[in-house]
Amino acid sequence: MTPLIEFRQIYKIYKMGENEVHAIDGISMKIFPGEFVAIVGPSGSGKSTCMNIIGCLDVPTSGSYFLDGKDVSHMNDNELAEIRNKKLGFIFQQYNLIPKLNVQQNVELPLLYAGLNEKEQATRARESLNRVGLLDKAKNLPSQLSGGQQQRVSIARALAGNPSIILADEPTGALDSKTGKDVLNFLKKLHKEGNTIVLITHDNTIAAQAERVIRVSDGQVVYDGEADIHKFASIIHAGDTEVDI
């Protein structure tokens, strides 16, 4: 089977004055269609940089990133934007909903950018809201919803474009424990329906909800295997920094 996501010796180096920061230091990994994978690590480990590259929000300094068999490592901004719009669905910690737009309009927004007509936008948005149990809130503003409901709207928005990958960045970070558990259970449901889920988190207990864990530390993969918290939680490098990169 062809990997959906493949890093081949990826480096991401930032210049800070005369110094170089190796945010990612030679990572190679593969994620296959239909997997539920958590990329976990403390602040400064490189997990956020991995997320940005997977999500085509950034490009590596060197190495190759293949998405669905296509090398996207050195694409320009317009090409990356098209990939993001067609292949990736994003779920963010802070929801990133537009306050002045109602729920349905928020879900329709990426479909508008994808060039779909108004009828198709509305149909897909309503189908997606129905999947997350919020069709009855379609005309509400985000401010009229609870935090958990707003996160489900962001999930509906991610699903509306039928993406190859759902990329969830700390999706429970702004929620209480019960609501966070509900969101994780919904991600598990999406996985059972055949969706590929990549979850980014600093929390080992949340990472353990996935099927597979990739733990990063100091820009390198230090564990790649089953989501057994007793196995991967203890693999921590003493050199982890406090800056999220």
Enumeration of residues in the stretch 188-219 that are touching a strand residue (DSSP E or B) at 6+ places or on another chain (Cβ under 8 Å), open to solvent by 60 Å² or more (accessible area, probe 1.4 Å) and more than 20 Å from PHE90 (Cα to Cα): none
Do you know which of the residues in the stretch 61-77 that are touching a residue at least 60 places away in the same chain (Cβ under 8 Å) and open to solvent by 30 Å² or more (accessible area, probe 1.4 Å) is nearest to GLY34 (Cα to Cα)? ASP68
Only one of (1) part of a loop (DSSP other than H, G, I, E, B); (2) surrounded by 17 or more Cβ atoms within 10 Å (Cβ to Cβ) fails for GLY173. Which number is that? (2)
In the stretch 36-54, what residues are touching an Asp or Glu at 6+ places or on another chain (Cβ under 8 Å), open to solvent by less than 30 Å² (accessible area, probe 1.4 Å) and closer than 13 Å to ILE24 by Cα? GLY41, GLY44, SER45, GLY46, SER48, THR49, MET51
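Tell me the residue from LEU80, LEU97, LEU57 that is closer than 23 Å to GLU170 by Cα and open to solvent by 50 Å² or more (accessible area, probe 1.4 Å), please.
Selected residue: LEU57, the only one of LEU80, LEU97, LEU57 that is closer than 23 Å to GLU170 by Cα and open to solvent by 50 Å² or more (accessible area, probe 1.4 Å).
Output the residues belonging to the stretch 95-123 that are assigned to a helix (DSSP H, G or I) and not hydrophobic (A, V, I, L, M, F, W, C). Full working, then the answer.
Kept after step one, since they are assigned to a helix (DSSP H, G or I), are these residues of the stretch 95-123: 103-113, 118-123.
Within the stretch 95-123, GLN104, GLN105, ASN106, GLU108, PRO110, TYR113, GLU118, LYS119, GLU120, GLN121, THR123 qualify.
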Quick one: how many residues across the stretch 83-94 are surrounded by fewer than 17 Cβ atoms within 10 Å (Cβ to Cβ) and in a loop (DSSP other than H, G, I, E, B)? 1
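The values are calculated or read from the model by the stated rules, or taken from the named source; none is laboratory data. Only a predicted model underlies this, so the values are computations on that prediction, with no experimental measurement involved. Glycine gets a Cβ as well: all are built from the backbone with ideal geometry, and neighbour counts include every protein chain shown. We work out accessible area using only protein heavy atoms, side chains counted, and drop any ligands, DNA or RNA first. Shrake-Rupley method; radii C 1.70, N 1.55, O 1.52, S 1.80 Å.
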